[in-house]
Amino acid sequence: MRAEINCDMGESFGLYRMGNDAEIMPHITQANVACGFHASDPGHMHQTVALAKTHGVKVGAHVSLPDLPGFGRREMKIEREEMANIILYQIGALSAFLKQADVALSHIKPHGALYGMAAREPHIAEAVADAALVYGVPVTGLSGTLHEKVYTERGVTFLPEFFADLDYDDEGRLIITREHEAVSPDLAASRVVAAVRDRTLTTVGGKTLPVKAETICIHSDTPNSVEIARAVHEALGQLKTA
């Protein structure tokens, strides 16, 4: 395909279930596996890595602020060294299950509030880069933000990401909400085609802005995530053959 399709996965915890991982997995190429700080636990991490391996899907570490009750979507004040250690700790946990399954770590993707903070706050972006350089893997982020500037300057491979099931404000910033609402699969697919083929996005105010999109995100906790994943997969497949 002309772009990867990634999904935030393995976010169930204990007896609590979240997402449609098994149904989504056939339609994606990258699984961002929660590492226990915003969601997941050892059992679900193991299960998600095994599921990804079965489908030949790459596995990345979906690292977060230490905010399990808030699902990692609340900002915190954390210094650079502590943040880097928090990220390394989470990747280390996932790495154990990857080693068990003989699967390589593909990439790192910050989650929720950490993702937004790294786009604006230099010391947080530097902390993400500090951790990524230990493992030598790419980091997913938003083009035109500190994600791209800091990661690139530090020699970290940058994977520009576009979100199929979230909105962008008129400044091109991602609108992150505590809960995700259902999105029309056709709308999501058309957004992706515009981002990948035309390198543009349409904001909530109707503006057209430039965007880079080498990987497309779908959230497993969006209510109709399976339908969105299927539509995006088909749309990108058609672009490949066009």
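The values are calculated or read from the model by the stated rules, or taken from the named source; none is laboratory data. Quantities reported herein were computed from a predicted structural model and do not represent experimental measurements. Virtual Cβ from ideal backbone geometry, glycine too; neighbours counted across all protein chains shown. Calculation scope for accessible area: heavy atoms of the full protein, side chains included, ligands and nucleic acids excluded. Shrake-Rupley method; radii C 1.70, N 1.55, O 1.52, S 1.80 Å.
Let me know the charge dipole size of the chain about its Cα centre in debye, to the nearest 20, where only the beta-carbon of Lys, Arg (+1) and Asp, Glu (-1) is charged.
So the magnitude is around 460 debye.
For all pairs of alpha-carbon atoms in the chain, what percent lies in each bin of width 5 Å, listed from the first bin to the last filled one?
1, 7, 15, 19, 21, 18, 12, 5, 1, 0
Report the Stokes-Einstein translational diffusion coefficient (µm² s⁻¹, integer) for the stretch 87-172, Rh taken as the Kirkwood radius over Cα pairs, at 20 °C with viscosity 1.002 mPa s.
159 µm²/s
Any idea what Rg and Dmax come out to for the stretch 113-239 if you just take the C-alpha atoms, in Å?
Cα-based Rg and Dmax for the stretch 113-239 come out at 14.8, 41 Å.
Longest exposed-loop-site-free stretch of the chain, with trypsin sites (Lys or Arg not before Pro), DSSP loop and at most 10 other Cβ within 10 Å?
My reading of the result: 78-177 is the longest stretch.
Apply the Karplus parameterisation 6.51 cos²θ - 1.76 cosθ + 1.60, with θ equal to phi minus 60°, to every residue of the stretch 24-30 and state each ³J(HN,Hα) to the nearest whole Hz, in sequence, with x for glycine and proline.
Karplus-based 3J(HN,Hα) across the stretch 24-30 equals 7, 3, x, 9, 10, 10, 9 Hz.
Quantify, in whole percent, the carbon and sulfur part of the accessible surface of the stretch 81-136 (1.4 Å probe; protein heavy atoms only).
That fraction is 55 percent.
Farthest toward the dipole's positive end in the chain, which of Thr203, Val139, Leu94, given Cβ charges of +1 (Lys, Arg) and -1 (Asp, Glu) about the Cα centre?
Val139
How much net charge surrounds Val156 when only other residues with a Cβ under 12 Å from its Cβ are counted (Lys, Arg +1; Asp, Glu -1)?
With Lys, Arg at +1 and Asp, Glu at -1, the net is -2.
With +1 on the Cβ of every Lys and Arg and -1 on the Cβ of every Asp and Glu, and nothing else charged, how large is the dipole of the stretch 64-130 about its Cα centre, in debye rounded to the nearest 20?
Roughly 240 debye for the stretch 64-130.
Please give me, ordered by residue number, the chymotrypsin sites (Phe, Trp or Tyr not before Pro) of the stretch 82-185 that lie in loop per DSSP and have at most 16 other Cβ atoms within 10 Å.
Passing both the DSSP loop test and the Cβ count: no residue.
Set the Förster radius R0 to 22 Å, insert the Cβ-Cβ distance between Thr203 and His180 as r into 1/(1 + (r/R0)^6), and round the FRET efficiency to 0.05.
Values: r = 18 Å, r/R0 = 0.83.
The calculated FRET efficiency here is 0.75.
Farthest toward the dipole's positive end in the chain, which of His180, Ser220, Pro160, given Cβ charges of +1 (Lys, Arg) and -1 (Asp, Glu) about the Cα centre?
Farthest towards the positive pole: Pro160.
How much solvent-accessible surface does Met18 expose, in Å² to the nearest 10, with a 1.4 Å probe and all protein chains in place?
Spelled out: Met18, probe radius 1.4 Å, area about 60 Å².
Where Lys and Arg each count +1 and Asp and Glu each count -1, what net charge lies around Pro185 among other residues with Cβ under 13 Å from its Cβ? Intermediate results must be reported in sequence, preceding the final value.
On the way: positive: Arg191, Arg230; negative: Asp165, Asp186, Glu227, Glu234.
Result for the local shell: -2.
So how strong a dipole does the stretch 103-189 carry about its Cα centre when Lys and Arg Cβ are +1 and Asp and Glu Cβ are -1, to the nearest 20 debye?
Computed charge dipole of the stretch 103-189: roughly 400 debye.
Tell me the per residue accessible area of the stretch 67-168 using a 1.4 Å probe; a whole number in Å² is fine.
Heavy-atom SASA per residue in the stretch 67-168 reads 41 Å².
Going by a ≥ b ≥ c, the root eigenvalues of the Cα gyration tensor, does the stretch 78-124 fall in the rounded group (a/c under 1.5), the prolate group (a/b larger than b/c) or the oblate group?
Prolate, since a/c reaches 1.5 and a/b exceeds b/c.
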